[in-house]
Amino acid sequence: MKIALMDSGIGLLAATAAVRRVRPDADLVLSLDPDGMPWGPRTPEDLTRRALAVAEAAAAHGPDALIVGCNTATVHALTALRDLLEPGIPVIGTVPAIKPAAAGGTPFAIWATPATTGSPYQRGLIEDFAEGVPVTEVPCWGLAEAVEHADETAIDAAIAAAAALTPDDVTTVVLGCTHYEIVAERIRAAVQRPDRPPLVLHGSADAVAAQALRRIGAQPAPEAPADGTLTVLLSGREGPLPIEAAAYAEGRLLRAVTPAR
């Protein structure tokens, strides 16, 4: 089994680690775009062009499925990616977990990039799945960039700024950018109020890993031998996992259990 994941940078680490946990025997192909990141400020047309190039580089390695480990790329490029690769290679997008967050019926916040916050895409998801539930959209200025560069000071500042915009009655936070999932516990610590129930965080990594297996007709096998290989593509060129990945538990997991090619 071979599963590819794509993103401009290391935001795909959460989904990659989720795949590795449920299928440690799967070969993984990570297709990143250091030459073009960040994708967020790009026009939809330019982002789609770069996403297609990254996907084509991954597809050349013959994966059974491709996970788009980026919310922004899913918004703007998922249709084009599916037109390019399906039905030969199933393409799984990453959608903010608004539906399960709204199911609780209590106030929740959506932490997302400034470009996604207030976008027709996110507003549409809120209208479809959270009607009647109090929702606060929180723009997280600079957080994805800080996580990408493993800049501890900038991460703390961006999380604190977003936490200050999050209402005190919020019981749940949707992590609407894949980068945020790899600093989830830091977000929890910043938002948790001493007199409130434990904060619930909703990411997408486990869901997209499960959907990838479903699309290729495979079952989870966390007890399988940890002999899956790892191939990293950097704007189409094979290379090492970015050094910043080692700053996060997900990146260290990949280094610890993945055999050298």
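Let me confirm something: among Ala115, Ala190, Ala146, Ala109, which residue is under 18 Å from Ala97 (Cα atoms), touching a Ser or Thr at 6+ places or on another chain (Cβ under 9 Å), not hydroxyl-bearing (Ser, Thr, Tyr) and not in a strand (DSSP E or B)? Don't jump to the end; show me each part of the working.
Values: Ala190 fails: under 18 Å from Ala97 (Cα atoms); Ala146 fails: under 18 Å from Ala97 (Cα atoms); Ala109 fails: not in a strand (DSSP E or B).
Checking each option against the conditions leaves just Ala115.
Rundown of residues vs (1) open to solvent by 60 Å² or more (accessible area, probe 1.4 Å); (2) outside any strand (DSSP E or B); (3) in contact with a Cys (Cβ under 8 Å, 6 or more places away or on another chain); (4) without any contact (Cβ under 8 Å) to a residue 12 or more places away in the chain, yes/no style:
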site	(1), (2), (3), (4)
Glu137	no, no, no, no
Ala150	no, yes, no, no
Val174	no, no, no, no
Ala218	no, yes, no, no
Thr231	no, no, no, no
Glu238	yes, no, no, yes
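I'd like to verify a number: residues in the range 1-58 that are open to solvent by 10 Å² or more (accessible area, probe 1.4 Å), in a helix (DSSP H, G or I) and polar (S, T, N, Q), how many? The qualifying residues number 1.
Does Arg186 meet the test of being farther than 19 Å from Arg20 by Cα, of a type in the set (Lys, Arg) and surrounded by 13 or more Cβ atoms within 10 Å (Cβ to Cβ)? Taking the combined requirement at face value, the residue satisfies it.
Mind checking whether some residue in the range 163-176 is within 25 Å of Leu78 (Cβ to Cβ) and out of contact with any Phe, Trp or Tyr (no Cβ under 7 Å at 6 or more places or on another chain)? No. The listed residues are Ala161, Ala154, Ala212, and the only one of them that is of a type in the set (A, V, I, L, M), assigned to a helix (DSSP H, G or I) and either within 14 Å of the chain's Cα centre (by Cα) or crowded, with 19+ Cβ neighbours inside 10 Å (or both) turns out to be Ala212.
Residues checked against (1) of a type in the set (S, T, N, Q); (2) open to solvent by 40 Å² or more (accessible area, probe 1.4 Å); (3) under 24 Å from Asn71 (Cβ atoms); (4) modelled with pLDDT of 95 or more:
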residue	(1), (2), (3), (4)
Pro222	no, yes, no, yes
Ser235	yes, no, yes, yes
Arg252	no, yes, yes, no
Arg261	no, yes, no, no
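The values are calculated or read from the model by the stated rules, or taken from the named source; none is laboratory data. These numbers were taken from a predicted model, which means no experiment stands behind them. Cβ sites come from the backbone with ideal geometry, for glycine too, and all protein chains shown count toward neighbours. For accessibility, only protein heavy atoms count, side chains too; no ligands or nucleic acids. Shrake-Rupley method; radii C 1.70, N 1.55, O 1.52, S 1.80 Å.
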